[in-house]
Amino acid sequence: MIDSIAVRVPAKVNAQLAVGGRRPDGFHDLANVFLAVGLYDEITVTPADELRITVEGPDADQVPRDRTNLAARAAELLAARHGIEPRVHLHIAKDIPVAGGMAGGSADGAGALLACDALWNTGATREELLDICAELGSDVPFSLVGGAALGRGRGELLTPLTVGGTFHWVFAVADGGLSTPAVYGECDRLRAERGAGDTIDDVPAPEPSAALLDALRAGDATALAAALTAGPDGSSNDLQAAAVSLRPSLADTLRAGTEAGALASLVSGSGPTCAFLAKDAAGAEQVATALAASGTCRTARVAASPAAGATVVREDRRAPSA
Ligand code: C5P
């Protein structure tokens, strides 16, 4: 009998986040180039009397323990589909920044789903798991599959991408998070303010950058850096201006990374984490040391991409009773 199952799930950075106009349902169509990076949460599931969540890690106090936690919702959705009572203890060892624009909450949803599926042996297909992920949130399917992928629709319709090498990143973690809906709302507001409109009829449909996809395929950091900083706002991330508008100090963080020798500096997803592409592993260490000393972030972490998606890393089996 299985006693507990642990699943490791990566964070993500968006190499490109092209955001279309607001749809009637409030979401935005995207051309979202996801890259999984080697910073991980680990979710352990154990049978229990009732569904409960515990969290460990430096920002554990900022993580909800109630049913708003995507890990709890994942367990409930899977259980409901298979006529199971979700009586599990979900323990989250949190290393991905909370509300940081790195899909930490999505990672916990995907991880809990995979762990509960293995514990309950539901026999769910990969398609069913991906369906549940999409119901949980736009970024959750990518947390399950990892690697690199183009996300269309609101980000949930994935096509795998080929990456021809390892990219080395530094992530500047901010004090406190940013709300994703607030950042999308600020993006709409800035567009409306410019006078061009902010709806799906006003904004050109988002398209992936051919130069960026070529750079990924070639594993070419210099070419990727050029593609990351192309575009009208000097960033492949259409949410960057909105995140900086809500948190102006991010401009100092981005500048500090560039001054420290990063090939490219951009806000990660909806922020406030900032991502810096380095030439190689040694370059990343150097940028991280300079950023940590700059006083413009709480901490700087190095991580490489691409990284594998949600993976079972441990299965503890109870000894059979005599
Ligand atoms: O899908 P998810 O629950 O992660 O989205 C959180 C919020 O982010 C949505 O309610 C919406 O405000 C915004 N969002 C969006 N367009 C997307 C993805 C997210 O407007 N493609």
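Our compactness index for the range 98-146, the C-alpha radius of gyration over the empirical 2.2 N^0.38 Å, is 1.10. For the range 1-129, build the charge dipole from Cβ charges (+1 Lys, Arg; -1 Asp, Glu) around the Cα centre, then report which of A36, P86, L114 sits farthest towards its positive end. So the residue furthest toward the plus end is A36. Computed over neighbours whose Cβ is under 14 Å from that of R152, the net charge equals -2, Lys and Arg +1, Asp and Glu -1. Positive end of the dipole of the chain (Cβ unit charges, origin at the Cα centre): among G164, G176, T199, the Cα lying farthest that way belongs to G164. Considering only alpha-carbon pairs that sit under 8 angstrom and 6 or more positions apart, the relative contact order computed for the range 1-160 is 29 percent. Annotation: amide H-H contacts under 5 Å for G269 (H modelled 1.01 Å from N, sequence separation of 5 or more, or interchain): N14.
Across q = 0.08, 0.11, 0.14, 0.21 Å⁻¹, the range 2-161 modelled as identical point scatterers on its alpha-carbon atoms has Debye log10 I(q)/I(0) values of -0.21, -0.41, -0.66, -1.34, in the order of the q list. Rounded to the nearest Å, what's the spacing between the alpha carbon centres of the range 17-38 and the range 227-301? Just the number, please. Centre-to-centre (Cα) distance: 20 Å.
The packing ranking, built from the mean of other Cβ atoms within 10 Å per residue, places the peptides 225-234, 186-195 in the order 225-234, 186-195, highest first. Considering the range 205-322 at the alpha-carbon level, its Rg and Dmax are found to be 18.1, 70 Å. Debye-formula intensities of the chain, expressed as log10 I(q)/I(0) at q = 0.08, 0.10 Å⁻¹, are -0.35, -0.55 (one equal scatterer per alpha-carbon, no solvent).
If only the Cβ of Lys and Arg carry +1 and only the Cβ of Asp and Glu carry -1, the dipole of the chain around its Cα centre is close to 300 debye. The P(r) of the range 98-189 has a tail past 18 Å containing 56 percent of all C-alpha pairs.
Ordering C133, C274 by the number of other Cβ atoms within 10 Å of each residue's own Cβ, fewest first, gives C133, C274.
Read-outs throughout are calculated quantities, based only on the coordinates presented, and are distinct from any laboratory measurement. Keep in mind that what you see is a predicted model, and the values were worked out from it rather than measured. Neighbour counts are summed over all protein chains in view; Cβ atoms, including those assigned to glycine, are modelled from backbone coordinates with ideal geometry.
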